[in-house]
Structures are given as structure tokens and as C-alpha cells.
Amino acid sequence: MRGRGWRWLPALAHAALIFYLSHQPQWPFAPPQILGVDKLLHLAAFAALAALILFALGEQGATPGGRALVAVLGVGWGVLDELHQAFVPGRFADPWDALADALGVLLVLAVHFAWSRGRARTTG
């Protein structure tokens, strides 16, 4: 890929992995049957997606428009993921999973914002 387009490959691969796992009638591995563990897995998967999108955006990720793009792409993929599961036999759309996805994205954005702000203070 020319330029910086290669930076999108990890985010696209991770989004594809999420789609693949969501398309399985049953998980290839079963998470522990502890209350909330599946929500933590959703949060972690979408936090990773948000971090990879920020990586793809590079310096632009620190701008308000870049952060908005991360939020739209990350939360949007989470909502689409849940809608997709409504059509997969053995799976169902769970709004609580979509909320966990969104929280993962927003957590990464909040940490990135705080880190960027702190870095600007020390370098400026």
C-alpha cells in the first residue's frame, strides 16, 4: 500500500475477526460462565478496535474530527455486529453487548484524550 494506508490493515483485520466470530453459531471457545465476563470481552475487543483505528489515523486521531471518526466507526461497528447476530442461527442481538462495545471505544478515546492533553502541556 502506498503512503500510510497500510496503517489501516490491523484495524480492518480486527474488524474482520469480530465479524467472523459473530457469524459463528457457537463460539469456538466458551468464555467462563462468570457474570459479566462476556461484556468484558466485548469491551476489550472494541477497545482494541478503537486503539487500532487511532493508530491508523496517526496524528489526525488527536483532533476532534479524528476522535469523532473513531467513535462513529467503533460504535457503528458494534451496533452493526449486534444487528448481524440477529440473523445468525443460534445467536441474538443483545443491546447490552452493544453498550459494552461502545464503552470500550469511549474508554480508549477518553484515555487517548487525557494522554494527548497531558502530552501537549508538557511539550507546549
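Return the pairs, sorted by first residue and then second, in which the second residue is at pLDDT 95 or above and open to solvent by less than 20 Å² (accessible area, probe 1.4 Å), the first residue lies in segment 40-63 and is of a type in the set (D, E, K, R), the beta carbons are less than 9 Å apart, and the residues are 6+ apart or on different chains.
Short answer, once both residue conditions are applied: 59/66.
Taking segment 42-99, which residues are β-branched (Val, Ile, Thr) and under 20 Å from residue 22 (Cβ atoms)?
53, 72, 75, 79, 88
Any residue in segment 76-92 that is of a type in the set (Gly, Ala, Ser), at pLDDT 95 or above and touching an Asp or Glu at 6+ places or on another chain (Cβ under 7 Å)?
yes
Can you tell me which residue among 61, 36 is crowded, with 17+ Cβ neighbours inside 10 Å and modelled with pLDDT under 95?
So the residue among 61, 36 that is crowded, with 17+ Cβ neighbours inside 10 Å and modelled with pLDDT under 95 is 61.
Can you name the residue in segment 101-121 that is charged (D, E, K, R) and surrounded by fewer than 18 Cβ atoms within 10 Å (Cβ to Cβ) and is also modelled with the highest pLDDT among such residues?
Among those residues, the one meeting the criterion is 117.
The values are calculated or read from the model by the stated rules, or taken from the named source; none is laboratory data. These figures come from a predicted structure and were not determined experimentally. With ideal geometry, Cβ positions are generated from the backbone for all residues, glycine too; neighbour counts draw on all protein chains shown. Ligands, DNA and RNA are stripped out before the accessible areas are found, and what is left, the full protein with its side chains, is counted by its heavy atoms. Shrake-Rupley method; radii C 1.70, N 1.55, O 1.52, S 1.80 Å.
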